[in-house]
Amino acid sequence: MTNITQRIDDALNSALDEKRIVGAVIAVMKDGELAHFKPYGLANREQGKPMTEDAIFRLASISKPIVTAAAMRMIELGKFGLDTSVTDFLSDFKPKAPDGSTPTITMRHLLTHTAGLSYDFLQPPEGPYNTIPVSAGIDGDFTMEDNLARMVEAGLTFPPGAAWLYSVAIDVLGAVMAKAEGTDVEGAVQKYVTGPMQMTDTSFYVTDEKRLVQPYSNAAPEPIPIGDNFKQPFVPGCAPINLGTSRAFNRNAFQGGGGCMNGKALDIVRMLDAIRAGGAPILSKETTQQMMSNQVGPLRILFDPTGNTAFGFGGSILLNPAASGSALSAGSWQWGGVWGHSWFVDPTRKLTIVNLTNTTLEGMAGQLPGDVQRAAVGA
């Protein structure tokens with residue numbers, strides 16, 4: 001047993017013993033090689049079903065780097081540009097700014113979450129994303145056209161480029177990609193990312209239900225199963241996150257680029273590490289360097305109260321690890337997913353970590369992501 005395996009085993013066994021998670025698959029690549037890949041705990045506690053290496057998870061926002069990579073490839077090919085207006089492809093997408101104007105929203109705004117769009121779980125219950133409502137793509141069965149129209153009705157929270165706010169922007173990006181490609185979002189992503197990377201289990205719809213893990217939410221004395229219409233508290237003062245398990249099988253619901261995909265740990269770690277290593281076979285080195293560098297200037301993401309995290313394309317950029325309490329190097333590229341996931345790419349160490357658990361919020365924003373980081377780094 002390698003040292004990294006022993007350290008990660010210790011971190012995961014502690015999380016399982018303390019009933020912070022029910023199960024997980026952890027995959028780590030170092031210098032382009034698989035350094036750790038192992039399942040832990042249970043895929044379904046009620047059925048006594050053990051977790052397996054090829055378990056499929058609902059990915060939530062781990063969809064974002066996958067869809068972003070496909071969009072960046074389309075930009076490389078000249079399908080559209082970073083400064084292309086959304087209305088060049090979606091002529092009716094004209095949400096108004098707070099002052100009543102209809103500003104131009106570009107692909108760059110969408111990719112960096114600076115468009116002025118929002119999420120329902122980042123607004124109070126009486127906010128427009130909850131009263132209209134606008135789907136975050138992890139529940140509900142709206143069509144793409146319906147949800148885009150709802151976004152327009154809700155309007156913008158600020159003028160494009162004025163601030164950073166996590167949002168449905170990547171869902172809009174997916175709609176642009178589908179229009180530009182003359183297909184659905186799945187078709188564009190399969191052509192430019194999941195196909196070339198042979199990510200055969202990464203898709204918007206689950207066909208192998210037996211491998212799909214049961215999700216849970218942290219609770220005492222142990223996590224509780226999540227079903228449809230589950231309300232997950234997230235940001236104090238804001239509405240909960242609406243989670244729905246049946247959406248993974250709904251072919252009529254819109255393919256939200258920001259949170260609707262499903263996949264397995266090995267596929268995701270290989271794709272993220274390909275970006276770290278220069279992009280082949282999906283992207284150029286220049287593009288991957290853009291993705292893993294600050295694209296929002298002085299703006300900072302709202303989830304790091306220390307103000308030490310900016311945003312690139314597809315994930316955040318860690319500026320000051322020590323101030324943020326991170327074991328990773330400055331310039332690390334990272335994000336997560338609300339079903340209980342987190343991922344980290346440390347270009348300096350040539351290290352890529354994918355942490356897929358079936359337990360929220362622990363696997364995304366609890367103790368475990370930091371424990372796995374430190375175990376992988378050896379800190």
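Criterion first (over 21 Å from A375 (Cβ atoms) and either among the aromatic types (F, W, Y) or within 24 Å of the chain's Cα centre (by Cα) (or both)) does M29 satisfy it?
no
Please enumerate the residues belonging to segment 153-174 that are among the hydrophobic types (A, V, I, L, M, F, W, C), surrounded by fewer than 24 Cβ atoms within 10 Å (Cβ to Cβ) and either touching an Asp or Glu at 6+ places or on another chain (Cβ under 8 Å) or in contact (Cβ under 8 Å) with a residue 60 or more places away in the chain (or both).
Hits for segment 153-174 are F158, A163, W164, L165.
Across segment 238-272, which residue is nearest to Q190 (Cα to Cα) among those that are part of a strand (DSSP E or B) and hydrophobic (A, V, I, L, M, F, W, C)?
That would be L243.
Would you check if R7 is of a type in the set (K, R), in a helix (DSSP H, G or I) and surrounded by fewer than 20 Cβ atoms within 10 Å (Cβ to Cβ)?
For R7, the condition - of a type in the set (K, R), in a helix (DSSP H, G or I) and surrounded by fewer than 20 Cβ atoms within 10 Å (Cβ to Cβ) - is met.
Scan R108, R150 and give me the residue that is of a type in the set (K, R), surrounded by fewer than 24 Cβ atoms within 10 Å (Cβ to Cβ), free of Cβ contacts under 8 Å to residues at least 60 places away in the same chain and assigned to a helix (DSSP H, G or I). Before you say what the answer is, go through the steps one by one.
Details: R108 fails: free of Cβ contacts under 8 Å to residues at least 60 places away in the same chain.
Sole residue among the options that is of a type in the set (K, R), surrounded by fewer than 24 Cβ atoms within 10 Å (Cβ to Cβ), free of Cβ contacts under 8 Å to residues at least 60 places away in the same chain and assigned to a helix (DSSP H, G or I): R150.
Right, V296: touching a strand residue (DSSP E or B) at 6+ places or on another chain (Cβ under 6 Å), crowded, with 23+ Cβ neighbours inside 10 Å, modelled with pLDDT of 95 or more and within 24 Å of Y166 (Cα to Cα) or not?
It is false that V296 is touching a strand residue (DSSP E or B) at 6+ places or on another chain (Cβ under 6 Å), crowded, with 23+ Cβ neighbours inside 10 Å, modelled with pLDDT of 95 or more and within 24 Å of Y166 (Cα to Cα).
Restricting to segment 123-147, give me the number of residues that are out of contact with any Leu (no Cβ under 6 Å at 6 or more places or on another chain), outside any helix (DSSP H, G or I) and either modelled with pLDDT of 95 or more or aliphatic (A, V, I, L, M) (or both).
Of the residues in that region, 10 qualify.
Give segment 65-97 a look and list any residue that's assigned to a helix (DSSP H, G or I), out of contact with any strand residue (DSSP E or B) (no Cβ under 9 Å at 6 or more places or on another chain) and within 18 Å of H113 (Cα to Cα), or say none.
Scanning segment 65-97 gives V67, T68, A69, A70, A71, M72, I75, T87.
Which condition breaks for K231 when tested against (1) in contact (Cβ under 8 Å) with a residue 40 or more places away in the chain; (2) farther than 25 Å from G116 by Cβ; (3) out of contact with any Lys or Arg (no Cβ under 7 Å at 6 or more places or on another chain); (4) outside any helix (DSSP H, G or I)?
Every listed condition holds for K231 apart from (1).
Suppose we keep only residues that are assigned to a loop (DSSP other than H, G, I, E, B) and in contact with a Phe, Trp or Tyr (Cβ under 9 Å, 6 or more places away or on another chain) within segment 180-205. Which one would you say is modelled with the highest pLDDT? Spell out how you get there, then give the answer.
Of segment 180-205, the ones assigned to a loop (DSSP other than H, G, I, E, B) are 182-184, 195-202, 204-205.
Going one step further and asking which of them are in contact with a Phe, Trp or Tyr (Cβ under 9 Å, 6 or more places away or on another chain), we end up with 184, 205.
Details: D184: 97, Y205: 93.
Residue satisfying both the conditions and the ranking: D184.
The values are calculated or read from the model by the stated rules, or taken from the named source; none is laboratory data. Just so you know, these numbers come straight off a predicted model, no measurement behind them. Note that we place each Cβ from the backbone using ideal geometry, even for glycine, and neighbour counts take in every protein chain shown.
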